[in-house]
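Report on the structure given below.
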Amino acid sequence: MRFIAPTRTAIDPKVFARLPLSLWHEFSTLLEGVDWPSVNALNAHNATNATMPHFVAQTPELLGDGLHYEQRIAERGQIATRERNWHDLLNALIWLRFPALKAALNARQVAEIACVGAKTRSRAQCALTHFDEAGVVVLVRDPVLLTLWDAHDWLGLFWRERAAWSDGRIEVVVFGHALLEHALWPRPLLVGKSIAVAMPQSGKMENTAIRQIAESIRRGELLNDPQELRPLPLSGIPGWHDANVAEDFYRTAPCFRPLPRGRTYPPLRVSDLHHNI
C-alpha cells in the first residue's frame with residue numbers, strides 16, 4: 001500500500017514536538033508554517049554552502065532534459081523538488097543537514113547507473129535507496145547492546161537496557177527522509193535501516209563519524225547490498241512512541257519482528273575515531 005502523507009492543514013502541530021521531528025526544530029519555519037515554503041526559501045537556508053547542489057522546481061520543462069534524477073544532481077547541481085510535497089521537502093532538509101552524506105549517495109548512484117543503465121537497479125542501488133529513504137546511523141558504545149540487537153531481543157535492547165538510550169551508550173541519528181514523512185502521522189511505528197558504528201566510550205564526535213561514513217560510501221566500502229543494513233524499530237526507543245512505557249508493547253507491536261531464520265548481520269563498523277584519540 002502506497003503511503004500518503006497528511007495534508008499540511010490536517011497535520012496535528014503536536015507531531016513537530018515529538019521525536020524524531022522535534023530534532024529538526026531549526027527548520028520550523030519550513031515545516032510548521034501555514035504556507036508551503038518555496039524552492040527559493042529552501043535555497044536561502046543553503047546560502048553558506050556554495051558547493052552543495054541547489055533546489056529547483058520539478059516541472060515538465062525541467063524533466064524534458066531527459067536526465068535521470070541522480071544524474072541531474074551530479075551533472076547540473078540541480079535537485080528536482082516537487083513543490084507542496086512533504087517527501088521532497090523533507091528530502092531537502094536532509095540535504096541541508098547532511099550534504100556530504102547525500103552527495104556520497106548521489107555519487108554512488110550515478111556510478112551504478114553508468115554500469116547497469118538508468119532502467120535497471122543493482123543490489124548496491126537498492127541498498128543506497130533504502131538508506132536514503134529510511135536510513136539511521138547508530139552510534140554504539142556498549143557491545144552488550146549489539147548482542148541484543150543481533151538477536152532481535154527487543155525487550156532486552158529497549159526495556160531491560162532502557163537507560164542506555166539516555167546515558168550515551170547508544171545513540172541514533174535519523175537520516176532517511178521517508179522516516180520523517182511517516183512521523184507526520186500520530187503514533188507511527190517507525191523502523192529504520194541502520195548503519196551501526198562502534199564509538200569510543202567518551203566524546204561527542206557524531207559529525208566526524210558521519211563524515212567517515214560518507215567517505216566509506218563514496219569509496220564503495222559500504223552499501224553494496226541491502227543485507228548490510230540492520231533493521232531498528234525506532235518506536236522502541238524511550239520517548240519515541242507513547243505506548244513504549246509499557247513492557248507488553250515490545251511483545252505485541254508488529255514492528256518488533258523475530259530474527260528471520262539464517263539472518264545474520266555484518267560486524268559492527270569500527271569508527272576511525274578509535275585510532276584518533
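Just so it is clear, none of the values below were taken in a lab; they were calculated from the coordinates. Predicted model, so just to flag it, every value in this text is computed and none were measured. With ideal geometry, Cβ positions are generated from the backbone for all residues, glycine too; neighbour counts draw on all protein chains shown.
Once Rg and the Kirkwood radius are both taken over the C-alpha atoms of the chain, their ratio Rg/Rh works out to 0.96.
For segment 129-275, a simple Cβ point-charge model (Lys and Arg +1, Asp and Glu -1, everything else neutral) yields a dipole of about 160 debye relative to the Cα centre.
Extension gain for the segment residue 35 to residue 69, taken as residue separation times 0.36 nm less the Cα-Cα distance, is 9.6 nm to one decimal.
Can you give me the angle between helix 123-134 and the longest principal axis of the chain, using Cα atoms only, in degrees from 0 to 90, rounded to the nearest 10? Long axis of 123-134 versus the principal axis of the chain: about 80 degrees.
Exposure proxy shown here: for 126, 115, the number of other Cβ atoms within 10 Å sets the order, fewest to most, as 115, 126. Close amide-amide hydrogen proximity is noted between residue 83 and 58, each under 5 Å apart and 5 or more residues distant or on a separate chain (H modeled in the peptide plane; Pro and chain starts excluded). Placing a pseudo-label 7 Å from each Cα along the Cα-to-Cβ vector at residue 245 and residue 259 gives an inter-label distance of 3.2 nm. Over all directions, the projected convex hull of the C-alpha atoms in segment 129-275 averages 8.8 nm² in area.
For a straight C-alpha distance cut-off of 14 angstrom, the aspartates and glutamates reachable from residue 14 (same-chain residues fewer than eight places away being disregarded) are 32, 242. Fewest-first ordering of 167, 35 by other beta carbons within 10 Å of each residue's beta carbon gives 35, 167. Our summary gives segment 129-275 a relative contact order of 33 percent, counting only alpha carbon pairs under 8 angstrom and 6 or more residues apart. With both labels modelled 7 Å from their Cα along Cα-to-Cβ, the residue 25 to residue 201 distance reads 3.2 nm.
In what order do 12, 132 fall by count of nearby beta-carbon atoms within 10 Å, going from fewest to most?
12, 132
For the pair residue 163 and residue 185, label points projected 7 Å from Cα toward Cβ lie 3.6 nm apart.
Near residue 153, once Lys and Arg are set to +1 and Asp and Glu to -1 for all other residues with Cβ below 15 Å from its Cβ, the sum equals +2.
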